[in-house]
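Engineer: One structure, pasted below without further comment.
The values are calculated or read from the model by the stated rules, or taken from the named source; none is laboratory data. Since we're looking at a predicted model, the values are computed, not measured. Here Cβ is always computed from backbone atoms with ideal geometry, including for glycine, and neighbour counts include all displayed protein chains. The area values use the complete protein model at the heavy-atom level, side chains included, leaving out ligands, DNA and RNA. Shrake-Rupley method; radii C 1.70, N 1.55, O 1.52, S 1.80 Å.
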Amino acid sequence: MKHSNFKSLPNGLLDHFRNVESASFMGLLPEINRAWLTIDNKLFLWDLNDTDQYTVYDGISDIIVSVALAVPKPNMFISSIKYFLVVATTVEILLLAISWDDDYINSHQLQNGLIQTQTRTGSSGSGGSSSHNDSIPTSPGFAMPKRKGELRVLPTKYIIPTDNVTVIKVMGSTNGRIFMAGVDGNVHEVCYDY
């Protein structure tokens, strides 16, 4: 094995990283060509090919302990949602839709609770800015093509309590099932329905 490339954190994240209060975790989402970093209750995502831009999701109040990408169950979300993030905190599991600004969600979908709040995007050295973008990716499977639009993370109505089990790993299956490994030594399945 040979080391072939090195990717550093986006410059703007280094300041956040220096201010960790409780916990920080990191991982990769190769299906959408992103890396993720949690700093306490904030989630940062950036393109593996362009570390100048990153997305910040700060709509979570508890410390994030695990993040995974999942494919939704058939007919669970609007047809344009091909992926969502499963975010485990110390007290709950949240399902967050993935979107890009070159796709579109109409106002009916907004009213049905798909999108509840805004996300902020940041750029190395430029801070964050508000965004009202309503977009969803259109490519299913494990080979996400390069997207020209900005990534957005959008809350859904799906928030599931952990029942006092600390989650150490989350995995999504190709048919929409979500499994979690807990510190209790068990594998748990997250059930989410209409």
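Engineer: Quick check on the stretch 13-29. Is at least one of its residues of a type outside the set (Gly, Ala, Ser), within 21 Å of Glu189 (Cα to Cα), modelled with pLDDT under 95 and open to solvent by 60 Å² or more (accessible area, probe 1.4 Å)? Steps first, answer last, please.
Structural biologist: Just the residues of the stretch 13-29 that are of a type outside the set (Gly, Ala, Ser), to begin with: 13-21, 25-26, 28-29.
Cutting the leftovers down to within 21 Å of Glu189 (Cα to Cα) gives us 29.
Subsequent filtering for residues that are modelled with pLDDT under 95 retains 29.
Filter again for open to solvent by 60 Å² or more (accessible area, probe 1.4 Å), leaving none.
Scanning the stretch 13-29 turns up no residue that is of a type outside the set (Gly, Ala, Ser), within 21 Å of Glu189 (Cα to Cα), modelled with pLDDT under 95 and open to solvent by 60 Å² or more (accessible area, probe 1.4 Å).
Engineer: Also, quick follow-up: Which pairs turn up if I take residues in the stretch 1-26 that are closer than 16 Å to Leu43 by Cβ and look for partners that are in a helix (DSSP H, G or I) with beta carbon separation below 7 Å, at least 6 apart in sequence or on another chain?
Structural biologist: Between residues of the stretch 1-26 that are closer than 16 Å to Leu43 by Cβ and residues that are in a helix (DSSP H, G or I), the close pairs are Leu9/Phe17; Ser24/Phe17.
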